[in-house]
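Student: Before we start, here is the structure in question, set down as structure tokens.
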Amino acid sequence: MVIDDDAGVREVIIDMLEDAGVRTMSAASGEEGIALFQSHPDEVDLVLLDLSMPGIGGKETFRRLKALSTDLKIVVSSGYSQTEVKDDLSHLGLTGFIQKPYRYDKLNDLVRKFLDGPPSA
């Protein structure tokens with residue numbers, strides 16, 4: 001699931017993921033993302049969450065999603081530095097971080113890492 005308030009960014013992310021063969025759903029706000037997850041919890045394997053959103057911001061959305069499912073994998077997407085984000089969210093079960101703006105290969109590698117698991121030997 002992609003949660004980002006910027007429609008253009010959200011569409012690009014979805015296109016990139018779908019080109020890589022990842023089935024997606026999306027939400028334009030934290031509130032919408034939480035409701036979507038509650039409606040389809042078994043269909044969400046990974047959340048790509050924008051940190052800066054109006055209304056319920058990314059940090060609060062993160063907390064609420066984790067309260068619904070402690071095992072949910074959440075990757076935060078932000079223009080903020082990785083250090084700032086990890087300091088705030090690591091203790092709550094942050095799965096990963098990707099710095100905005102990002103390239104197709106970086107996004108694909110990150111998503112594959114958490115959806116497919118480590119490569120087998």
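The values are calculated or read from the model by the stated rules, or taken from the named source; none is laboratory data. Quick caveat, the model's predicted, so the values are computed rather than measured. With ideal geometry, Cβ positions are generated from the backbone for all residues, glycine too; neighbour counts draw on all protein chains shown.
Student: Given the conditions (1) surrounded by fewer than 16 Cβ atoms within 10 Å (Cβ to Cβ); (2) assigned to a loop (DSSP other than H, G, I, E, B); (3) at pLDDT 90 or above; (4) not small (Gly, Ala, Ser), and given that Glu60 satisfies all but one, which numbered condition is not satisfied?
Tutor: (2)
Student: For segment 17-25, check the following and say yes or no: at least one residue is in contact (Cβ under 8 Å) with a residue 60 or more places away in the chain and under 14 Å from the mean Cα position of the chain (by Cα).
Tutor: yes
Student: What number of residues in segment 88-111 are free of Cβ contacts under 8 Å to residues at least 12 places away in the same chain and in contact with a Gly (Cβ under 7 Å, 6 or more places away or on another chain)?
Tutor: Total satisfying the criteria: 0.
Student: Any residue in segment 30-47 that is of a type in the set (Ser, Thr, Tyr), surrounded by fewer than 18 Cβ atoms within 10 Å (Cβ to Cβ) and touching a Gly at 6+ places or on another chain (Cβ under 7 Å)?
Tutor: No, segment 30-47 contains no residue that is of a type in the set (Ser, Thr, Tyr), surrounded by fewer than 18 Cβ atoms within 10 Å (Cβ to Cβ) and touching a Gly at 6+ places or on another chain (Cβ under 7 Å).
Student: In this structure, is Asp88 at pLDDT below 90, in a helix (DSSP H, G or I) and loosely packed, with under 13 Cβ neighbours inside 10 Å?
Tutor: No; evaluated as a whole, the condition is false for this residue.
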